[in-house]
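Trainee: Quick one: the structure is below, and I'll ask about it shortly.
Since every read-out is calculated from the coordinates, none of them should be taken as a lab result. Just so we're clear, the structure is a prediction, and the values are computed from it rather than from any experiment. With ideal geometry, Cβ positions are generated from the backbone for all residues, glycine too; neighbour counts draw on all protein chains shown.
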Amino acid sequence: MTNQGINQGGPVEPVLQWGRSDFERRFGVFKAGAYTNVNKLLGFMLAIFLTGGFFFAISALIQNYPQIKVATDAFLRPTNLYTTIPCTLFFFWAMAMLFVKSRKVKFQARALELSIVPEDPDFFLNETSARPVLENLRAMVDHPRHFILLKRIDTSLANLQNIGEIRDVAAVMKNQSENDEEQVASSYILPNAMVWAVPILGFIGTVLGLSTAIGEFANTISSGTNIEEIKANLSGVTAGLSTAFETTLVALVFALIIQLYLNYLQSIESEFLDECNEYCHVHVISKLRSSQHAALVQPTAYNQGAAPLGVAQAPYTQAAAPVQQPPEEPPAPQYPHNS
């Protein structure tokens with residue numbers, strides 16, 4: 001963990017700079033998504049570039065390696081292009097968004113290495129000590145609102161400094177944590193839609209291929225007069241069947257790859273959110289104390305010249321008073337008895 005502590009001197013150069021280090025900001029054209037969200041237009045432009053490069057590459061490979069024609073025919077067969085091109089575009093769109101998202105998650109996780117709150121066990125957070133912690137936080141990054149973890153801490157400590165209610169800090173952090181989880185879940189809507197859309201495109205290719213095969217078979221039966229002519233016409237039937245099965249195969253493979261990568265990235269981002277919750281609990285929630293309590297439990301932390309408790313105080317003793325016995329009662333008088 002980067003040991004920064006509370007800034008006691010001049011300005012501190014930001015350790016994390018979202019404006020320079022965020023993956024989307026490096027392109028300089030598209031607006032970067034919040035937190036780990038990805039700009040959809042950027043993903044689409046990358047998908048167009050990758051799709052064009054993919055089809056160009058496999059077309060060039062056939063010239064040098066004819067043996068791979070069996071595999072490339074599934075993409076380049078003329079009757080398949082109506083399905084394979086959209087499938088490939090959606091595949092690269094989803095993969096590009098997930099790749100950019102993985103880079104953004106990795107950058108967000110760097111905030112966990114920062115030491116925002118002093119690790120001194122005698123340091124406590126209250127409305128007075130929150131101010132230097134906030135100043136230290138805002139000096140370590142270009143703006144906390146661009147980071148999931150730092151925005152939680154900044155919002156909570158700003159609330160503590162302005163209102164002074166310690167019990168509200170945990171509630172603010174809980175609400176912010178729920179908002180972060182909802183925003184992260186919404187960022188997977190489009191990749192999840194691709195997982196659904198790609199197989200649908202494959203099934204559409206299947207329907208088109210089967211309809212073509214059935215139509216060609218009907219023409220073959222009706223127009224064929226000899227066996228050779230029937231064999232020649234059957235090539236259209238087999239081409240339609242090839243389209244039906246090849247497009248489905250391509251779509252299912254693409255959907256499987258997207259789903260595996262999506263689940264892997266979701267698990268990583270879920271672990272990151274859990275680590276953010278743990279960080280906030282250990283470094284913020286557990287250090288909250290009221291001003292009166294902090295003055296009692298840590299007098300030497302704020303008053304360096306004060307003598308330790310008990311040094312200047314004489315032990316308190318009190319002499320025990322002697323125990324007084326109750327006075328003895330005089331004997332009862334004796335009276336003579338009359339006979």
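Trainee: If amide hydrogens are placed 1.01 Å from N in the peptide plane, which non-local residues have theirs closer than 5 Å to the one on residue 114?
Mentor: When sequence neighbours closer than 5 places are left aside, the close amide H contacts are 2.
Trainee: Would you mind checking the radius of gyration and Dmax of the stretch 18-293 based on alpha-carbon positions, in Å?
Mentor: Over the stretch 18-293's Cα set, Rg and Dmax evaluate to 27.9, 104 Å.
Trainee: Under 19 Å between alpha carbons, and skipping anything fewer than 8 positions from residue 104 in its own chain: which lysines qualify?
Mentor: Partners within reach: 31, 40, 151.
Trainee: The stretch 59-92 to the stretch 122-187: how many Å between their Cα centroids?
Mentor: 52
Trainee: Something else: Starting from 0 in steps of 10 Å, tell me what percent of the Cα-Cα pairs of the stretch 158-211 lands in each bin.
Mentor: The percentages, shortest bin first, are 20, 22, 18, 14, 12, 9, 5, 0.
Trainee: With r as the distance between the Cβ atoms of residue 158 and residue 54 and R0 = 41 Å, compute the FRET efficiency 1/(1 + (r/R0)^6) and round to 0.05. All intermediate terms of the calculation are to be shown ahead of the outcome.
Mentor: Numbers: r = 49 Å, r/R0 = 1.19.
After rounding to 0.05, the efficiency reads 0.25.
Trainee: Compute the Kirkwood hydrodynamic radius of the stretch 114-214, taking the inverse of the mean of 1/r over all pairs of distinct Cα atoms, and give it in Å to one decimal.
Mentor: On the way: mean 1/r = 0.0582 Å⁻¹.
Every distinct Cα pair counted, the radius reaches 17.2 Å.
Trainee: Continuing with the same structure: Quick one: which of 103-110, 66-73, 149-156 comes out on top by average Cβ neighbours within 10 Å, and what's the full order, highest first? Kindly include the intermediate steps, with their values, before the conclusion.
Mentor: Numbers: 103-110: 17.9, 66-73: 11.4, 149-156: 22.2.
Ranked from most to least packed, the peptides come out as 149-156, 103-110, 66-73.
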